[in-house]
Amino acid sequence: MNLLVKSTLGVAALGLWFFSGTMPDSTYKILPGYFADPHLYWQETPFSKAQVTQLATPKDVVQSRINQQKNTIDQFMVDSDTQVLFGDTHVHTTNSSDAFMFSLPLMFGAQGAFPPGYACDYARFVSQLDFYFLTDHAEAYTEERWDDAIESIRQCNEMAQVSGLQDTFAFMGFEWTQSGITSKTHYGHHNVLFKEYGDGDLPARPIGAPAEVATVAKRDYSSKFPKVLEFLDPRHKYYYASYNSLVEQMADTPNCEKGIPSPQLPKNCYEEAKSTGELFKKLREWDIDTMVIPHGMAWGFYTPPDSSWKTHLNSVDVDPSMTPLIEIYSGHGNAEQFATFTTRIKNDDGSYTCPAPTADYLPTCWQSGEIIKQRCLTEGLLSNECDKRAQVARQLAANTDTNYAFLTAPGSKPEELLDAGQARGMFNPSFNYRPKKSMQYGLAVRNFDGDKPLGFEWGVIASTDTHTSRVGHGFKQVGRLNASEANGVKNHFFEDLLMPSSGDPVARGQDVEKLDAKKLKLRMSEAERVGSYLYLGGLAAVHTKERSRDGIWQAMKDKQVYGTSGHRILMWFNMVDGNKQIATMGQKVLMNTEPEFKVTVIGSPKQNPGCPDFINAGMDADKLEKMSFGECFNPTQQRHHMDKVEIIRIRPQSFEGENVADLIEDPWKTFDCPKDSAKCEFSFSDDEFPGKQRDTVYYARAIEEAIPMINANNLNTKFDNRGNAISTDICFGSYETPASDECLALKGHQAWSSPIFTYYK
């Protein structure tokens, strides 16, 4: 063999070795995709079978948790015959394609796979919750992944009750991730929850939405990542390959045949429902105890402009028995409050106009025009010409039916947008807030087409919507990038690859409808600004007389629930007659006399650093660090002080077209809590109810003392003395902001009671 051949073979062998990913770590520093991975986070893939940690929580530990709450209730002299259990009804693992993508090595702050087994471990040991529901995206499931998820729930429940007193109750579910391009075709995301998990207790497959725009990864090969990533980062080539393998499995799953009842379909097909009405119909065919919970409805990341609860408020798409609850808060923000601002004004002829800014809102269409105007003036053109160009840009943005109006100003930087499109003055609002999809607006509107007015009668919960299996992670404000999922791209190289520019920054607006979304990739998601509107998530709290699966489920169906922004605030909200309780939160009352109410709240427990001893001793140290950053729910005997309680009064519409803004009083009453007190209790009545002679809804919002919270100041917007936004200081999820920066600001945690529906008799 001559020297040339030997040299060629040697180079080829060296190349194969290099791209195998098995050479010494230092060798790969020359590649643009290189980064240090001392913890070997990407050695495990989401395809790892669900295995929960084989560690029993000592019976005395569980009993101590129960006793501590009872002692608190006794200490503060609360008259209650229920216990409060805390849980998370909205949990994703890397079985969800978007969670899988966020876990890839190219994402800043990512830590690799968090399969379903992690959710169980986190709930039992890190957050120490009483219950959780696994709700991965239906659109990403394959037959194998569905079976694996169910197995994780079975393993979790088996392990959780080894000591004789079950520490955590694990439930199965899925998310129907529907997103319409326009408000008419948009129904929004809904979690489908099931009570039991044995054979015959669950559908054969989850029911997804048409997957064109529902999730990050569509069910076709176009969602695969380019193979070049395996060469840019050979050490993690198998992790990238596993993501592409999931996409292939999704794409290779055949669609279920239309028109056949769901139980009669083969197990290994992908089943779709295009509307909530169709989803309800398919679920009824299984004759399984089920709840469907709408969530994130005001989150304008995927909710089109003009979206409103009114659009699909009809007897087909609304089923009160199926949807007793609404999730008003999660890691994606608050969806509680109504506001009068609008993204665009619809004219009588169907055209649109861009509204002018107000004290509480800067429309994106308006700011797009301002960006174009400033570019124009910078080029030295006359102000008259620049005003014309600004008006054209505003109109182009107003005409945009999708969420991409921000791209009207080509090549714009997130700082140029200021706080356009965002709600001001709200507690942790959702990004690009949609007021007519708020909980308050939903409780206020009615449909008068039938014999009786049709409206929503939701109980209220909150959750995390975690995409890293971190169930109920809001107990300590740590882990902005990971726990809040604010993570963006790892470095400038990947930014150029995954977030190409929307065009050169010219002084003319562009028609967004003509842009190719596929080519713009993550640029379409407004990822730079979204990261400042992601939080540690909330919790669902249930009042139940028994600590059991039946007790939790029935409390949720009966709306004996409330939500918190993550802290374990204790809350009671009752209708009373003197010392006699007439109704509790979530119930309906028919009456014509003056209603009286009583509210009691107790602040959440303050936390010790670190994790309890039995967890440190029993769990794998590396796994615990990966999941929790060394921090667990670890309560002290001290509790946070309550600041105030606000009462909201809503009078649902009594006739078609009644102005909703006039029907929502927020706050109607405000009660300041005793200084430096963990307990806050008061009574009130409504002397206007008999005279108004109309249905009225009441609920309570409790606010704790302020503490540093992640992203509590969102974009850190600065205003001039006239209230105009002049600059932002964005806390990025990408490499542009240090991972160590938690982006903290002072804000008080909140709890929201389920309403008491007081109907005039």
Over 42 Å, how big is the tail of the calculated P(r) for the chain, in percent of all Cα pairs?
29
Please work out the Cα center distance from the range 630-645 to the range 132-171, rounded to the nearest Å.
29
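How big is the convex hull of the Cα atoms of the range 338-439, per residue, in Å³?
Numbers: hull volume 11.4 nm³, N = 102.
Convex hull volume per residue, Cα atoms: 112 Å³.
Please give me the summed charge of the neighbours of Cys731: other residues whose Cβ is under 11 Å from its Cβ, Lys and Arg +1, Asp and Glu -1. The partial results should precede the final answer.
Details: positive: Arg480, Arg529; negative: Glu528, Asp729, Glu736, Asp741, Glu742.
In short, -3.
Assuming 1.567 mPa s and 4 °C, estimate D for the range 142-297 with Stokes-Einstein, Rh taken as the Kirkwood radius over Cα pairs, in µm²/s.
Values: Rh = 17.5 Å.
Stokes-Einstein gives a translational diffusion coefficient of 74 µm²/s.
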If you build the Cα gyration tensor of the range 157-196 and take the root of 5 times each eigenvalue, what three semi-axes come out, in whole angstrom, biggest first?
37, 7, 6
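Please state the shape class of the range 212-354: rounded when a/c is under 1.5, otherwise prolate if a/b exceeds b/c and oblate if not, all from the C-alpha gyration tensor.
Details: a/c = 2.08, a/b = 1.27, b/c = 1.63.
It comes out oblate by the Cα gyration axes.
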Taking the alpha-carbon distance from Lys761 and a cut-off under 13 Å, which aspartates and glutamates remain once sequence neighbours fewer than 8 residues away in the same chain are dropped?
Glu594, Asp695
Eigenvalues of the Cα gyration tensor times 5, then square-rooted: what semi-axes does that give for the range 610-761, in whole angstrom, largest first?
40, 25, 16
Rounded, prolate or oblate (a/c below 1.5 giving rounded, otherwise prolate when a/b exceeds b/c) for the range 565-676 by Cα gyration tensor
prolate
So who's got an amide H within less than 5 Å of the one on Cys256, skipping anything under 5 residues away but keeping other chains? H placed 1.01 Å off N, in plane.
Tyr270, Glu271, Glu272
Between the range 333-359 and the range 222-293, the alpha-carbon center distance in angstrom:
35
From the phi angles alone, apply the Karplus equation (6.51, -1.76, 1.60; θ = phi - 60°) to the range 558-574 and give each ³J(HN,Hα) in whole Hz, x where the residue is Gly or Pro.
8, 6, 7, 9, 8, x, 10, 7, x, 7, 8, 6, 8, 8, 10, 9, 10
Convex hull volume per residue in cubic angstrom - Cα atoms of the range 442-494:
180
Rg(Cα)/(2.2 N^0.38 Å) for the range 406-553, N = residue count
1.41
Over 18 Å (Cα to Cα) among Lys413/Lys436; Lys59/Lys476; Lys184/Lys274 -> Lys413/Lys436; Lys59/Lys476
Which log10 I(q)/I(0) values, to two decimals, does the range 485-537 give at q = 0.27 Å⁻¹ under the Debye formula with one point per Cα?
-1.13
Taking Cys632, Cys120, Cys269 and counting other beta carbon atoms within 10 angstrom, the fewest-first order is Cys269, Cys632, Cys120
What translational diffusion coefficient, in µm²/s and rounded to a whole number, does the Stokes-Einstein relation yield for the range 650-736 at 37 °C and a viscosity of 0.692 mPa s, taking the hydrodynamic radius as the Kirkwood radius over Cα pairs?
182
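Take the cross-link list Lys237/Lys518; Lys521/Lys606; Lys267/Lys490; Lys195/Lys588; Lys437/Lys518 and give me the ones stretching past 32 Å between alpha-carbons. If you can, show how the numbers build up before the last one.
Details: Lys237/Lys518 23 Å; Lys521/Lys606 43 Å; Lys267/Lys490 39 Å; Lys195/Lys588 24 Å; Lys437/Lys518 28 Å.
Checking Cα-Cα distances, Lys521/Lys606; Lys267/Lys490 exceed 32 Å.
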Jot down the per residue volume, in cubic angstrom and as a whole number, of the convex hull over the alpha-carbon atoms of the range 58-131.
124
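Is it possible to state the helix-based mean residue ellipticity at 222 nm for the chain, with each DSSP H run of 4+ residues giving -39500 (n - 2.57), the sum divided by total residues, to the nearest 500 deg cm²/dmol? What is it? Write out the running numbers ahead of the final one.
Working: 19 runs with 180 residues, N = 761.
Taken over the chain, the calculation gives -7000 deg cm²/dmol.
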With just the Cα atoms defining each centre, how far is the range 74-90 from the range 444-523? Give it in Å.
33
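Take Arg547, Arg434 and order them by how many other Cβ atoms sit within 10 Å, fewest up front. Intermediate values should be presented prior to the final figure.
On the way: Arg547 16, Arg434 27.
Fewest to most other Cβ atoms nearby, the residues stand as Arg547, Arg434.
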No solvent, one uniform scatterer per C-alpha: report log10 I(q)/I(0) for the range 510-619 via the Debye equation at q = 0.22 1/Å, two decimals.
-1.27
Which aspartates and glutamates have a Cα less than 18 Å from the Cα of Lys623, not counting those fewer than 8 places away in the same chain?
Asp37, Glu44, Asp121, Asp613, Glu631
At q = 0.12, 0.15, 0.19, 0.26 Å⁻¹, what is the base-10 log of I(q)/I(0) for the range 584-644 according to the Debye formula with one equal point scatterer per Cα and no solvent? Please give it to two decimals.
-0.56, -0.67, -0.81, -1.07
Taking only Cα atoms of the range 262-319, what ratio of Rg to Rh do you get with Rh as the Kirkwood inverse-distance radius?
1.03
Using a ≥ b ≥ c from the Cα gyration tensor of the range 136-186 (square roots of the eigenvalues), is it rounded, prolate or oblate, where a/c under 1.5 gives rounded and otherwise the larger of a/b and b/c decides, a/b for prolate?
oblate
Average Cα contact separation per residue, the chain, under 8 Å, 6 or more apart, as relative contact order %:
14
Mean shadow area (nm²) of the C-alpha convex hull around the range 302-377 is 8.3
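Give the peptides 533-540, 650-657 in descending order of average Cβ contacts within 10 Å, highest first.
Values: 533-540: 29.6, 650-657: 15.9.
Top of the packing list down: 533-540, 650-657.
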Note down the net charge around Arg480, summing +1 for each Lys or Arg and -1 for each Asp or Glu among other residues with Cβ under 14 Å from its Cβ.
-3
Mind checking which aspartates and glutamates have their Cα closer than 15 Å to the Cα of Lys545? Skip sequence neighbours fewer than 8 apart in that chain.
Asp79, Asp81, Asp130, Asp558
Restricting things to alpha carbons, tell me how big the range 645-692 is in terms of Rg and Dmax, in Å.
14.6, 47
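Each reported figure results from applying straightforward, stated rules to the coordinates on display, with no laboratory input. Predicted model, so just to flag it, every value in this text is computed and none were measured. Glycine also receives a Cβ, built like all others from the backbone with ideal geometry; neighbour counts cover every protein chain displayed.
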